[in-house]
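See below for the structure under consideration.
The values are calculated or read from the model by the stated rules, or taken from the named source; none is laboratory data. What you see is a predicted model; the values in this text were computed from it and never measured. Cβ placement follows ideal geometry from the backbone for every residue including glycine, while neighbour counts extend to all protein chains displayed.
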DNA sequence: GCCATGGCTAGTA
DNA sequence: GCCATGGCTAGTA
């Protein structure tokens with residue numbers, strides 16, 4: 001696994017239950033603010049093998065970004081199961097559920 | 001080639 | 001809508 005990929009995987013694993021991060025935010029935390037699409041690719045291809053909490057990643061608007069209806073539904077109930085409440089327009093209020101990881105330790 | 005983004009624009013009202 | 005961006009896995013040979 002490449003270093004960037006490894007950082008992304010670590011960050012996604014660190015998202016606590018009941019919290020979410022966005023694609024762009026994860027990319028930025030991993031050191032590459034423009035690499036949101038790469039986060040998408042990692043989630044798509046490695047969620048199963050790396051046992052990632054893939055459902056805790058949403059887009060910048062707090063929306064479920066999955067195109068496939070069944071997968072989107074699964075993501076929603078997984079999040080609701082963790083206590084997250086959606087708005088009437090199917091969004092997650094990020095100001096309430098957003099997770100901000102600790103900055104990397106000094107040294 | 002892939003991908004579940006994100007940001008900016010033209011077109012419409 | 002459209003397309004620049006970005007890092008590379010999963011699947012095949």
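A few comments on the model shown:
- Selection count where residues are more than 6 Å from DNA strand B (Cβ to nearest atom), touching a helix residue (DSSP H, G or I) at 6+ places or on another chain (Cβ under 8 Å) and not in a loop (DSSP other than H, G, I, E, B), scope region A:19-55: 10
- The one condition from (1) surrounded by 12 or more Cβ atoms within 10 Å (Cβ to Cβ); (2) at pLDDT 95 or above that residue A:65 does not meet is (2).
- Checking A:82, A:6, A:100 one by one, the residue that is away from DNA strand B (no atom under 13 Å from the Cβ) and crowded, with 16+ Cβ neighbours inside 10 Å is A:82 and no other.
- Among residues that are more than 9 Å from DNA strand B (Cβ to nearest atom), without any contact (Cβ under 8 Å) to a residue 24 or more places away in the chain and in a helix (DSSP H, G or I), residue A:73 is included.
- Within region A:20-62, the set of residues being over 18 Å from residue A:72 (Cβ atoms) and crowded, with 19+ Cβ neighbours inside 10 Å comprises A:25, A:26, A:27, A:29, A:30, A:35, A:42.
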